[in-house]
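K.L.:
What follows is a single structure, and I will ask about it in a moment.
The values are calculated or read from the model by the stated rules, or taken from the named source; none is laboratory data. For clarity, every value in this text was computed on a predicted model and none was experimentally measured. Positions of Cβ are backbone-derived with ideal geometry, glycine not excepted, and every protein chain shown enters the neighbour counts. Areas reflect the complete protein model, heavy atoms only, side chains present, ligands, DNA and RNA absent. Shrake-Rupley method; radii C 1.70, N 1.55, O 1.52, S 1.80 Å.
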Amino acid sequence: MKTIGMIGGLGPESTVDYYQRIIEAFRVPGSLAAPEMVIYSVSLQEVMDLAAKREWNHLVYLLVQKVRALHKAGADFAIITANTPHVVFDEVQAKSPIPLISIVAATCDKARELGVKKVGLLGTKFTMEENFFAPPFAAAGISVAVPSASDQNYIHEKLMTEIELGIIKDDTRKGLIDIIARLVGNEQVEAVILGCTELPLILKDGDFDITFLNTTAIHVESVVSYCRAGRTW
């Protein structure tokens, strides 16, 4: 069994979600076996400050140092438990001593499996503004649409002041669903990427009549598959 390395804290609520999902995926009746994990919980504020200033080189340096620490602690591969830092994923992977599993690539694979041709993307303002989801999706024949500028501001503000802090409000859920409805009406998207790992904490399947691509759940599926490739029990 490969040892999993997680760069967590981005934010804490989704890191807990990742941990619980991974453990649950390995549960076997009558067995207490579970994969070994090393978690490096970093400061969400530090990462968001670097993103706000578009100091991508500094973000690469920060993430590479964390990956190296995970490697020294015994991790065989690693993941970044957030979408926004994947803006520099390729640069981090190039400097990483161990394999990294991309949340964007995993989500793209899932969208391709579903056969959709156009998806909506919700996430932090950086995720919606920066061009790191669109290229791999375009290569797979899938276009990516984002909400209007005002809707992007609403999503980002609610993420930073509520959802990332574990505060879940029904009126915020309604506001997000209204944004999805506008994406469907204006852009004719066939599925919506929950491109912040906190969004699945407030938006659930069935909240709107469209497929949600839960990036946390999709990422975990890839982690479990890769981890099991080295399974010895």
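K.L.:
Please work out the FRET efficiency for the pair residue 95 and residue 161, using the Cβ-Cβ distance as r and a Förster radius of 41 Å; give the result to the nearest 0.05.
P.N.:
Approximately 0.75, to the nearest 0.05.
K.L.:
Moving on to the next point. Computed over the Cα atoms, what is the radius of gyration of the chain divided by 2.2 N^0.38 Å, N being its residue count?
P.N.:
Cα Rg divided by the expected 2.2 N^0.38 Å: 0.99.
K.L.:
A follow-up question, please. Would you mind counting up the charge near residue 159? Only other residues with Cβ under 10 Å from its Cβ, with Lys and Arg at +1 and Asp and Glu at -1.
P.N.:
-2
K.L.:
Do you know the relative contact order of the chain, to the nearest whole percent, from alpha carbon pairs under 8 angstrom that are 6+ apart?
P.N.:
26
K.L.:
Can I ask one more? How tilted is helix 149-161 with respect to the longest principal axis of the chain? Cα atoms for both, answer in degrees (0 to 90, nearest 10).
P.N.:
So the helix axis and the longest Cα principal axis differ by about 40 degrees.
K.L.:
A follow-up question, please. Roughly how big is segment 169-230's charge dipole about its Cα centre, with Cβ charges of +1 (Lys, Arg) and -1 (Asp, Glu), in debye to the nearest 20?
P.N.:
Numbers: 6 positive and 10 negative charges, 39 e Å.
For this selection, approximately 180 debye.
K.L.:
Please tell me the relative contact order of segment 89-148 in percent, rounded to the nearest whole number, where contacts are Cα pairs under 8 Å and at least six residues apart.
P.N.:
34
K.L.:
Counting only residues 5 or more places away or on other chains, whose amide H sits under 5 Å from the amide H of residue 211 once H atoms are built in the peptide plane?
P.N.:
Amide H neighbours of residue 211, under 5 Å, 5+ apart: 192.
K.L.:
Something else now. Below 8 Å between Cα atoms, with a sequence gap of 6+, how large is the relative contact order for segment 1-133 in percent?
P.N.:
Here the relative contact order equals 29 percent.
K.L.:
With only alpha-carbon pairs counted, each pair once and no self-pairs, how large is the Kirkwood hydrodynamic radius of segment 1-100 in angstroms?
P.N.:
Across segment 1-100, the inverse of the average 1/r is 14.0 Å.
K.L.:
Given charges of +1 on the Cβ of Lys and Arg and -1 on the Cβ of Asp and Glu, with all other atoms neutral, how large is the dipole of the chain about its Cα centre, in debye to the nearest 20?
P.N.:
So the dipole magnitude of the chain works out to roughly 660 debye.
K.L.:
Over segment 70-184, what percent of the accessible surface lies on carbon and sulfur atoms, probe 1.4 Å? Walk me through the intermediate numbers first.
P.N.:
Details: 2500 of 4690 Å².
Exposed carbon and sulfur together represent 53 percent of the surface.
K.L.:
Would you tell me the accessible area of residue 68, worked out with a 1.4 angstrom probe on the heavy atoms of the protein chains, in Å² to the nearest 10?
P.N.:
100
K.L.:
Could you please report the charge total around residue 38, scoring K, R as +1 and D, E as -1 over all other residues with beta-carbon less than 15 angstrom from its beta-carbon?
P.N.:
Details: positive: 2, 66, 68, 72; negative: 36, 76.
Cβ neighbours under 15 Å give a net charge of +2.
K.L.:
Is the shape of segment 85-131 best called rounded, prolate or oblate, per the rule: a/c under 1.5 gives rounded, else a/b larger than b/c gives prolate, else oblate, with a ≥ b ≥ c the square roots of the Cα gyration tensor eigenvalues?
P.N.:
oblate
K.L.:
Angle check, please: helix 170-187 long axis (alpha carbons) against the longest principal axis of the chain (alpha carbons), in degrees 0 to 90, nearest 10.
P.N.:
Value to nearest ten degrees: 70.
K.L.:
Tell me whether segment 173-215 comes out rounded, prolate or oblate; compute the Cα gyration tensor, take square roots of the eigenvalues as a ≥ b ≥ c, and use a/c under 1.5 as the rounded threshold.
P.N.:
Since a/c reaches 1.5 and a/b is larger than b/c, the shape of segment 173-215 is classed as prolate.
K.L.:
Still on this structure: Based only on the alpha carbon positions, what is the Kirkwood hydrodynamic radius of segment 55-154, in angstrom?
P.N.:
That comes to 14.7 Å for segment 55-154.
K.L.:
State the Cα centre-to-centre distance between segment 141-157 and segment 173-233 in whole Å.
P.N.:
Here the two parts' Cα centres lie 15 Å apart.
K.L.:
A further question on this structure: How much mean residue ellipticity at 222 nm does the chain get from its helices, if each DSSP H run of length 4 or more adds -39500 (n - 2.57) and you divide by all residues, to the nearest 500 deg cm²/dmol?
P.N.:
Taking each H run of at least 4 residues, the total per residue is -15000 deg cm²/dmol.
K.L.:
Here is a further query. With respect to the cross-link table entries 53/118; 2/72; 174/204, which display a Cα-Cα separation exceeding 22 Å?
P.N.:
In this structure, 53/118 lie more than 22 Å apart at Cα.
K.L.:
Summing Lys, Arg as +1 and Asp, Glu as -1, what charge do residues with Cβ under 9 Å from the Cβ of residue 211 carry, residue 211 excluded?
P.N.:
Net of charged neighbours comes to -2.
K.L.:
Still on this model: Per residue, how many Å² of accessible area does segment 1-153 show with a 1.4 Å probe?
P.N.:
On the way: 6810 Å² over 153 residues.
For segment 1-153, the solvent-accessible area averages 45 Å² per residue.
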